[in-house]
Amino acid sequence: MSGQKTNEKSGEGEDWLLPEENRDHLRGLFAEMREPLSLEVFTKDGQNDSYNEAVVRFMRDLDRLGDKVKVLFHKIGEGRAEKLKVFRSPTILIEPDKYPIRYTGAPLGEEARTFIGTIMLVSRGVSGLSELSLALLSSLDETRHVRVFVSPACPYCPGQAANALKAAIARPGLVSAEVVETGENRELTVKYQAHSVPLTVINETFRQKGFYPEERFILELVGLKPSEELIGKAKAEAGIGEETTEVDVVVVGAGPSGLTAAMYAERSGLKAVVLEKGVVGGQVALTPEVENYPGFKRIGGIQLMELIAGQARQYCQVREGEEVREVKINERIEAVTDRAAYKAKALILATGAASRKLGVPGEKKFFGRGVSVCASCDGWNYKDKNVIMIGGGNTALTEALYLKNIGVNVTVVHRRDSFRAEERLQESLAREGVPALMNTVVKEFIGHETGLTSVRLEDVNTGEQKEMPVSGAFVAIGWIPNSKLAAGIGVKLDEAGYIAADRSMRTNVPRVYACGDVIGGVRQIVTAVGGGATAAVSLFEDISNPYWRK
Ligand SMILES: Cc1cc2nc3c(=O)[nH]c(=O)nc-3n(C[C@H](O)[C@H](O)[C@H](O)COP(=O)(O)OP(=O)(O)OC[C@H]3O[C@@H](n4cnc5c(N)ncnc54)[C@H](O)[C@@H]3O)c2cc1C
């Protein structure tokens, strides 16, 4: 094999990229590797130089952490790169003679974890897919090339990247996986219109937006059709009914509130399950930094939620990718998802809130192609580009500051003459020199097939309109409670659509409790966890001594 091997393994005293604590952790992990493997790194001077440098340093570190990982460095344009069809810098291939796994771009930020996870799976020669996924994948008899577009701070990207990588490990003869960092590969990002990540493109045409639960991903990978169609058909053909699980409490939503509720329920001796339609973390996973959660001066939103979810998982099952689509109230309460039905004595609704839409022309059309509601997911695509942040509350200003911090030219657009956000954030915005257009509203999102190109703004005082060229627009104009499920079972809502719950987090429907953002009020992490704990304690008391039977 051509390629230049790195220096001797010891590497002590040399310049490390990884902090000592991470090196120790990785040394421990690599010691558990079954088979040695090779990582091949391809770079080209003048193409993403700063990322090339970061990748080379990261890979050198990995190479020096033991004898199991061998790193080979190549230049694009030379024989090995031509043979393996590597044209983009940086690119990393994992054990390329055996597995069609490719990182197009540096696996930094959130992606580093998936990358290390993949190394460990490859070394063991196992995919890590569930039995069901493996069974579904065994029916594949054609090739699939899966491209997952990601960005370093996107909380949902690692899960989707892992889906593709595991499938390639399981069926390397048929499935190839490529993780594409959007910020470093603008041309591909534009070509595939991957302005909102994660975006998965299978065999050039079939697209999945967002993070998919593993089995759903595999089902669609094989069938190249939306899973709803495929599941319904397969169940009908096989005559399979719904799988039913019996628990004491079903918690809907794995944000801070739901996870805390489940933890408290289990600690009272009740069997709980948390059902989450996406991934754990709720809105906190979209929060770049949290500075007001007691005990942490400053912590990344994802990190905080990993700690909370890790603790919850010690007590109960947290099932991601299971949206509760229907609740039936009978002698037992039944929560129905695509995969199963859960019967319980009580239900806790911790469904949180979703971002509010502006409702103007072009918003839907350009959603995911310039219009976004998640700066930490999509902000990286707009480095050095002009974008607007629409809104005047804490979220809008926090996200505008985040965008500014990562090198995006952001202007805040707000319909009033003053911000609603905390004083501290307003001061930071002024200090950072983020421009703001006050008394201004967005009337239309304008663009063409490749995405958003401008917005039409209107001065609310004069009615004067102007077109502002932008590549992106982030909408942060508030939240609407996810209370549809509650309304469907007769739970009372207030005039703004929030669930009406009392101090014990009871709703008007016996055995149904609600907590967190879905009940309105202060809508912060501390209140969400407080509400979760209260709901669990109340329902424990009520199950032991039902007030509705008195
Ligand atoms: C950008 C941003 C920054 C923020 N910064 C801060 C901050 O610095 N400090 C602070 O204290 N707060 C902050 N907040 C507010 C904080 O995130 C929320 O108050 C908190 O997340 C509410 O928690 P929750 O568990 O009630 O709901 P959520 O976090 O919204 O979680 C609800 C969960 O329920 C799931 N769900 C909904 N419907 C279903 C269904 N039918 N089936 C299954 N699952 C379902 C959702 O997918 C979601 O994961 C911020 C919010 C945002 C958006």
R144's amide H: which non-local residues (gap 5+, or another chain) put their own amide H closer than 5 Å, with H modeled 1.01 Å from N in plane and none for Pro or chain starts? V175, S176
Provide the gained length on full extension for the span E306 to E35, in nm with one decimal, where the gain is 0.36 nm per separating residue minus the Cα-Cα distance. 94.6 nm
For segment 90-171, what is the largest minus smallest coordinate of the Cα atoms on each principal axis, given in angstrom and ordered from greatest to least? 34, 27, 23
Starting from the 7 Å offset along Cα-to-Cβ, what nm value, one decimal, do you get for the label separation of A354 and E82? 5.2
So if we plug the beta-carbon distance of Q524 and R124 into 1/(1 + (r/R0)^6) with R0 = 56 Å, what FRET efficiency do we get, rounded to 0.05? 0.85
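How compact is segment 276-380 by the rule of thumb for globular proteins, expressed as Cα Rg over 2.2 N^0.38 Å?
Details: Rg = 17.3 Å, N = 105, 2.2 N^0.38 = 12.9 Å.
Here the Cα radius of gyration is 1.34 times the empirical estimate.
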In bins 5 Å wide, starting from 0, what share of all Cα pairs of segment 4-237 does each bin hold, as a percent? 1, 7, 14, 18, 20, 17, 11, 6, 3, 1, 1, 0, 0
Amide H within-cut-off set for C316, under 5 Å, with H built and near neighbours excluded: none
Between segment 405-446 and segment 100-175, the Cα center-to-center distance that results, in Å: 39
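Rounded to two decimal places and with Rh computed the Kirkwood way over Cα pairs, what is Rg over Rh for segment 371-477?
Rg/Rh: 0.95.
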Listed peptides 469-478, 213-222 by packing density, highest first (mean Cβ within 10 Å): 213-222, 469-478
If I model a spin label as a point 7 Å beyond the Cα along the Cα-Cβ vector, how far apart are those points for I329 and S50 in nm? 5.6
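Quick one: pull the percentage of alpha-carbon pairs in the chain with a separation above 47 Å. Mind dumping the intermediate values first?
Values: 22428 of 150975 pairs.
Roughly 15 percent, once rounded to a whole number.
Values quoted throughout were computed directly from the atomic coordinates according to the rules given, and no laboratory measurement underlies them. Keep in mind that what you see is a predicted model, and the values were worked out from it rather than measured. Note that we place each Cβ from the backbone using ideal geometry, even for glycine, and neighbour counts take in every protein chain shown.
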